[in-house]
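The values are calculated or read from the model by the stated rules, or taken from the named source; none is laboratory data. Note that the structure is a prediction, hence the values are computed from the model and not measured. With ideal geometry, Cβ positions are generated from the backbone for all residues, glycine too; neighbour counts draw on all protein chains shown.
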Amino acid sequence: PVCFAALPDHAMSSADSLSLCPTYAPALGFGGAMIALVMACVGSAYGTGKAAMGISTIGVEQPDIVMKNIIPVVMAGVLGIYGLIIAVIISNQIVGVVGNAARRNP
């Protein structure tokens, strides 16, 4: 069964959508948010490392253009922030199930 708890309220009643959700659905949702955050941060760290290696290499050969090459480091750092934003969006959409009622995260 698939969990339809993230659909708009007019699509299904909450009782119908909760009956389709397994009990472990919130754990999978938070796991997805965690994977989004971890992968974005790993990619950001990798990109920062590669950009720093490029800056170091160009700094030896042409030290006058080092400041122009700082942009890839900043862009790699922004990738981690995007991952954080996606993780927050995912975690805000998760609905917990207590008994027969849905409970939103505080």
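Checking each residue in the stretch 50-106 for being basic (K, R) and modelled with pLDDT of 90 or more picks out only K50. Condition test on Y46, is it loosely packed, with under 15 Cβ neighbours inside 10 Å, among the aromatic types (F, W, Y) and within 18 Å of N92 (Cα to Cα)? Taking the combined requirement at face value, the residue does not satisfy it.
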